[in-house]
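Working notes for the structure below.
The values are calculated or read from the model by the stated rules, or taken from the named source; none is laboratory data. In this text the structure is predicted, and so the values were computed from the model without any measurement. Note: ideal-geometry Cβ built from the backbone for every residue, glycine included; neighbour counts use all protein chains shown. Side chains are part of the model used for accessible areas, which takes the heavy atoms of the whole protein and leaves out ligands, DNA and RNA. Shrake-Rupley method; radii C 1.70, N 1.55, O 1.52, S 1.80 Å.
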Amino acid sequence: AMGKPQQDPGGVLARLGVESTAAPAYAALAVAQFFFALQGFVLRAALAGADAVQPSRYLLYRQVLACLPLLVMAHRMGGSTNLTSPPREDYPYIAGVGALNMFLTPLTFLLALEFSNPTIAAVGQPFLPLVAFLIALPLGKDSYSSNKAAGLVVCVLGAASVVVGSSRPQAAGAAAAPASVSLGLLMLLIEQLCQGSGMHLQKVLLAKHPPPVVTAWCYCFGTCCIVALNVVSGSGEGLGALLAVPRHLWLPLSYSVGVCTVFNYNVLLWANSMLSATVVALSTCLQPVFTCMLALVLDGEPLSPLHVLGCGAVAGGLHIFLSDRGLSCATQEKHQKPPLCGSKAE
């Protein structure tokens, strides 16, 4: 008879300081961040050239098209949860996560991009783990340790270094005005606070419902907000005209909806049900690392010393943070994790 497969064959994870029970969630987060990084290359052709569309309009297309597959997935995997009638006590949390993570986060990022420039907007993204950690501490959702603090700082600075190393100088006369940059930084701060706060609110819902159901509820609420905003701010266009998707966008939209929304959002919420919100946020530091690797392979862009230094810092920071003893103990206590799918049994 065959024995049970070892969770950590050869003790590889133990030597890396990684708790073996959390390894599937860590691996899933890494895969999700790789798919997010690849999305930039998929969208590059769609959002440039003569057939370019405004990023806010592209966001509207993605949100609306993703609702149906998310609802179908939630129906099939939600177990005994009543998808069409959430408990009344969960309404504020669904609205909060939907507004913060699915509406205000992408909206404020687009505003930061418009007011400042792509470099400033991109450099701000790796600071999400620090924001999530600072929100978690006063709420009692996380604990301070020197390992966590050192790992966070090293990892975040490494990711920011990779972004700076990948930034191309702006054309002459393209620099944003100081007042505009200040507005961009303010939007970036609001975006980070919205995203970090929403990740903590998710945990209330994830403690009671399967991740696909939580994703569908919150995403549909955020989509309603985005549709309402586009209708109100549109130039006299009806809803039908707003939702008319150009043919050249169907391929990138298929990737954005199927991979980066339906798959990735469920992975992130599933991981958030097992791990701390800080750990889930920390995985975003992998995105610039994967991006510069993809640029090397797909575009032939060489790696600069700043790239190499930044990638090494991200790897070192992740190792320091994840090897924290308190983090391993907390992971073991939460090993009775909610499944990705709901149970039909009562």
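Quick rundown of the values:
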quantity	calculated
Condition broken by VAL227, with the remaining ones in (1) in contact with an Asp or Glu (Cβ under 8 Å, 6 or more places away or on another chain); (2) at pLDDT below 90 satisfied	(1)
Matching residues, region 189-216, being more than 25 Å from LEU110 (Cα to Cα), open to solvent by 50 Å² or more (accessible area, probe 1.4 Å) and β-branched (Val, Ile, Thr)	VAL204
Condition check for ALA27: in a helix (DSSP H, G or I), open to solvent by 40 Å² or more (accessible area, probe 1.4 Å) and modelled with pLDDT of 90 or more	yes
Residue within region 298-310 that is at pLDDT 85 or above and either in contact with a strand residue (DSSP E or B) (Cβ under 6 Å, 6 or more places away or on another chain) or crowded, with 22+ Cβ neighbours inside 10 Å (or both) present	yes
Cross-chain or 6+ apart pairs with Cβ under 7 Å, region 58-82 first and without any contact (Cβ under 8 Å) to a residue 12 or more places away in the chain, then open to solvent by less than 50 Å² (accessible area, probe 1.4 Å)	HIS75/LEU83
Residue that is modelled with the highest pLDDT, among those in region 245-261 that are among the small types (Gly, Ala, Ser) and open to solvent by less than 60 Å² (accessible area, probe 1.4 Å)	GLY258
Meets criteria (small (Gly, Ala, Ser), in contact with a Lys or Arg (Cβ under 7 Å, 6 or more places away or on another chain) and at pLDDT below 75) for GLY79	yes
Residue list for region 145-180, restricted to those being at pLDDT 90 or above and loosely packed, with under 10 Cβ neighbours inside 10 Å	SER146
Matching entry among SER283, SER273, SER323, SER304 (being over 30 Å from ALA228 (Cβ atoms) and within 18 Å of the chain's Cα centre (by Cα))	SER283
Filtered residues of region 317-335 (kept if at pLDDT 90 or above and open to solvent by less than 30 Å² (accessible area, probe 1.4 Å))	GLY317, PHE321
Residue list for region 126-143, restricted to those being part of a helix (DSSP H, G or I) and among the small types (Gly, Ala, Ser)	ALA132, ALA136
Any hit, region 121-140, residues being more than 30 Å from ALA150 (Cβ to Cβ) and of a type in the set (A, V, I, L, M)	no
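For every residue, the table says whether it meets (1) farther than 14 Å from ALA277 by Cα; (2) touching a residue at least 24 places away in the same chain (Cβ under 8 Å); (3) not acidic (Asp, Glu).
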site	(1), (2), (3)
SER116	yes, yes, yes
LEU128	no, yes, yes
ALA136	no, yes, yes
ASP142	no, yes, no
SER146	yes, no, yes
ALA149	yes, no, yes
